[in-house]
Amino acid sequence: MKPNDVSRRHSTALLIIDMLNTFDFPEGKDLARYTWPVAQKVKALKQKLKKKKVPVIYLNDNFGQWRSDSKEVYLNCAHDASLGSEIAKILKPEDDDYFILKPRHSGFYCTNLDILLEDFGVKNLILTGVAGNICVFFTANDAHMRGFKIWVPKDCIASNTKKDNDFTLDQMSQVLGIKTSVSTRPIPF
């Protein structure tokens, strides 16, 4: 841990999942359209939580580039030719944010997320990002299985369709017991 990381001990962490994205896949245009308003909400939530010293952790696909880092992923996604350029610019990681590349859907699978959360003393997770019905859902499931209290602000995730997003939020709420109120409501833990 860096010396300034000790001050990041907090019972809660914000996870931003796959929001740095080029959206260059078959359903990418639809997902990008749904993600644009979500990015604004995630940014506002991030700013509010950073004032409370809540650590912010970006969990992101590596796009098959195993040697990439946060700056390289950001530059690739923020490039003018990328469908996700404006979204990436809204949610550009700051120097005091954390960044973890993930090889699969869940942010826990084959990453150092468990150790980072343990070092910070995190018991509560706030999950945001895309795709809600895939990467956010799998990360939520793995967090649930690890005993975390979880909040998924329903206006801070997007899926390829509204129907998929609504179904996923219902599943998280009913099956996993996850709180899914809007991001402007008080944090439920």
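The values are calculated or read from the model by the stated rules, or taken from the named source; none is laboratory data. Quick caveat: nothing in here was measured; it's all calculated off a predicted structure. Cβ: placed from backbone, ideal geometry, glycine included. Neighbour counts: every protein chain shown. For accessibility, only protein heavy atoms count, side chains too; no ligands or nucleic acids. Shrake-Rupley method; radii C 1.70, N 1.55, O 1.52, S 1.80 Å.
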* In region 150-169, what count of residues is obtained for those that are surrounded by fewer than 16 Cβ atoms within 10 Å (Cβ to Cβ) and polar (S, T, N, Q)? -> 1
* Looking at this structure, is LYS71 on the phi < 0 side of the Ramachandran plot and at pLDDT below 95? -> yes
* Positions within region 52-86 being surrounded by 19 or more Cβ atoms within 10 Å (Cβ to Cβ), of a type in the set (Phe, Trp, Tyr) and outside any helix (DSSP H, G or I), in sequence order -> TYR58
* Asked: Of the residues MET145, MET172, which single one is open to solvent by less than 60 Å² (accessible area, probe 1.4 Å) and within 29 Å of GLY121 (Cβ to Cβ)?
  -> MET172
* Structure fact -> Of (1) out of contact with any Lys or Arg (no Cβ under 9 Å at 6 or more places or on another chain); (2) surrounded by fewer than 21 Cβ atoms within 10 Å (Cβ to Cβ); (3) not in a helix (DSSP H, G or I), LEU127 satisfies every one except (2)
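Of all residues in region 4-27, how many are of a type outside the set (Ser, Thr, Tyr), part of a helix (DSSP H, G or I) and surrounded by fewer than 17 Cβ atoms within 10 Å (Cβ to Cβ)?
Final tally of qualifying residues: 3.
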* LYS89 fails exactly one of the following numbered conditions: (1) in contact (Cβ under 8 Å) with a residue 24 or more places away in the chain; (2) open to solvent by 30 Å² or more (accessible area, probe 1.4 Å); (3) not in a loop (DSSP other than H, G, I, E, B); (4) not hydroxyl-bearing (Ser, Thr, Tyr). What is the number of that condition? -> (1)
* Asked: Taking only pairs six or more apart or across chains, which ones have beta-carbon atoms under 7 Å, a first residue in region 109-125 that is touching a residue at least 24 places away in the same chain (Cβ under 8 Å), and a second residue that is of a type in the set (A, V, I, L, M, F, W, C) and open to solvent by 30 Å² or more (accessible area, probe 1.4 Å)?
  -> ASP119/MET1; LYS123/PHE148; ASN124/PHE148; ASN124/PHE189; LEU125/PHE148
* Structure fact -> Contact list, first residue from region 175-189 and farther than 19 Å from LYS43 by Cβ, second anywhere and assigned to a loop (DSSP other than H, G, I, E, B) and open to solvent by 40 Å² or more (accessible area, probe 1.4 Å), beta-carbon distance below 6 Å, six or more apart or interchain, is LYS179/PRO188
